[in-house]
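Working notes for the structure below.
Values in this text are rule-based calculations from the coordinates and carry no lab data. Just so you know, these numbers come straight off a predicted model, no measurement behind them. A quick note on method: Cβ atoms are made from the backbone with ideal geometry, for glycine too, and the neighbour counts reach across all protein chains shown.
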Amino acid sequence: MLQQKIPATVITGFLGAGKTTMIRNLLQNAGGKRIALIINEFGDLGVDGDVLKGCGAEACSEDDIIELTNGCICCTVADDFIPTMTKLLERENRPDHIVIETSGLALPQPLVAAFNWPEIKTQVTVDGVITVVDSAAVAAGRFADDHDKVDALRVEDENLDHESPLEELFEDQLTAADLIVLNKIDLIDAEGLKSVRDEVASRTARKPSMIEAKNGEVAAAVLLGLGVGTEDDIANRKSHHELEHENGEEHDHDEFDSFVVELPAIAEPAAFIERLKGVIAEHDVLRLKGFADVPGKPLRLLVQAVGSRIDHYFERAWAPGETRGTRLVVIGLHDMDEAAVRAAIAAAV
Ligand SMILES: Nc1nc2c(ncn2[C@@H]2O[C@H](COP(=O)(O)OP(=O)(O)OP(=O)(O)O)[C@@H](O)[C@H]2O)c(=O)[nH]1
């Protein structure tokens with residue numbers, strides 16, 4: 001008997017836009033669907049996988065959460081993604097739906113194109129690409145703010161073919177979208193939201209639908225079942241990179257950097273977080289996330305910074321046998337001064 005193709009939803013969006021939060025909500029409201037989740041993260045700590053495994057949703061057991069940590073999914077399609085999918089499809093108990101969270105720095109295009117590979121195409125189709133947008137970051141000009149810097153660099157180097165790396169990635173992720181979720185609307189007012197809508201619309205020629213959300217709360221029925229078959233349309237959604245480098249040059253993530261900072265226990269979390277805000281602002285850190293050991297507390301502290309907005313809360317008990325510790329992954333542009341950021345974070349403890 002011919003098996004129906006399994007729908008796969010690709011969830012993309014810049015660092016910290018709210019992808020993991022939205023997926024967590026989706027898993028908790030999946031209405032009986034069994035979902036397999038493939039998560040790809042930039043940085044070596046696997047925070048997203050941990051957060052999702054901890055959510056205890058019936059729709060997705062720990063076995064169904066697969067982490068791809070070997071670099072950004074767009075660059076490791078052949079080595080990581082295809083073998084992972086093949087293994088998933090060989091399972092006896094196949095999922096009803098596959099959800100793929102790309103890293104915040106990934107270009108969705110190569111991933112979607114992989115669904116045209118023969119070993120995948122017969123069994124899976126892309127239900128849709130959903131791009132999550134951090135509305136507060138757009139309203140704050142995060143993706144348009146270094147025109148001057150780039151223009152200045154271009155004067156020095158006329159071969160410079162890139163716009164700001166943030167702006168370019170933002171546009172590439174929007175270009176791939178079948179549905180755009182304007183998330184974090186709780187952080188902006190009505191006027192801000194209108195300007196975000198206008199800006200997002202101006203950056204995508206295909207004009208996909210936009211919906212608004214707070215904490216990624218979008219009904220599962222809206223996210224799953226778009227039924228687009230995006231892989232058939234991927235040639236119409238080329239990234240800047242593909243348009244610029246059709247001569248076959250390799251894409252990479254040289255514009256961004258990440259490292260992990262290990263720290264001692266944090267005795268005064270509130271004061272630490274306040275000082276961390278200063279470090280992030282001073283060094284223009286794009287994203288910082290991880291866990292902290294707070295002496296005397298049975299739970300570990302989850303720390304999530306997107307720009308200098310930081311959320312922190314006690315997340316789950318340290319597991320038996322797990323070594324208590326403080327580990328944070330830091331992501332920034334390539335010119336971020338790693339030694340200075342490390343020293344500043346250490347001094348914030
Ligand atoms: N105020 C507010 N915060 C949000 C919202 N959605 C997510 N957040 C917070 O934003 C931070 C980043 O959210 P994540 O879901 O981890 O973002 P992500 O896109 O998965 O991040 P990366 O995987 O690092 O790219 C967390 O601290 C979330 O709690 C929202 O709608 N409003």
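A few remarks follow.
- Nearest-20 debye value, the chain charge dipole, Cβ charges on Lys, Arg, Asp, Glu: 1760
- Amide H contacts for residue 294 (H built 1.01 Å from N in the peptide plane; partners 5 or more residues away or on another chain; cut-off under 5 Å): 266, 301.
- Between the amide H of residue 14 and those of 134, distances stay under 5 Å, these residues lying 5 or more places away or on another chain, with hydrogens modeled in the peptide plane.
- Taking GluC sites (Glu not before Pro) across region 315-349, the ones in a DSSP loop with at most 12 further Cβ atoms lying within 10 angstrom of their Cβ are 322.
- Distant-in-sequence amide H partners of residue 37 (H built 1.01 Å from N, under 5 Å): 65, 66, 99
- Order of 334, 312 - criterion: other Cβ atoms within 10 Å of each residue's Cβ, fewest first: 334, 312
- Between the listed residues 138, 93, 271, the Cα displaced farthest toward the positive end of the dipole of the chain, a dipole computed from Cβ unit charges relative to the Cα centre, is found at 93.
- Listed residues 213, 177, 221, most fluctuating in the chain (Gaussian network, C-alpha, under 10 Å): 221
- Note on the chain: Rg/Rh from C-alpha atoms, Kirkwood Rh, equals 0.96.
- When the chain is treated as a Gaussian network with alpha carbon springs shorter than 10 Å, the biggest mean-square fluctuation among 101, 67, 199 belongs to 199.
- Computed from backbone phi, the HN-Hα couplings of region 106-119 come to 7, 8, x, 4, x, 5, 5, 4, 5, 6, 8, 5, x, 5 Hz, rounded to whole numbers (Karplus: 6.51 cos²θ - 1.76 cosθ + 1.60, θ = phi - 60°; Gly and Pro given as x).
- Highest-fluctuation residue, 90, 242, 262 considered, GNM on the chain with Cα pairs under 10 Å: 90
- Among the listed pairs 53/207; 53/297; 214/289; 33/277, those beyond 28 Å (Cα-Cα): 53/207; 33/277
- Remark: region 170-183, residue by residue, has Karplus-estimated 3J(HN,Hα) of 4, 5, 5, 5, 6, 4, 7, 6, 9, 9, 10, 9, 7, 8 Hz, where x stands for each Gly or Pro and the curve is 6.51 cos²θ - 1.76 cosθ + 1.60 at θ = phi - 60°.
- Qualifying trypsin sites (Lys or Arg not before Pro) in region 1-91, DSSP loop, other Cβ atoms within 10 Å at most 11: 91
- Exposure proxy ranking for 238, 289, based on other Cβ atoms within 10 angstrom of each Cβ and starting from the fewest, stands as 238, 289.
- Most positive-pole-ward Cα, 12, 181, 201, against dipole of the chain from beta carbon charges: 181
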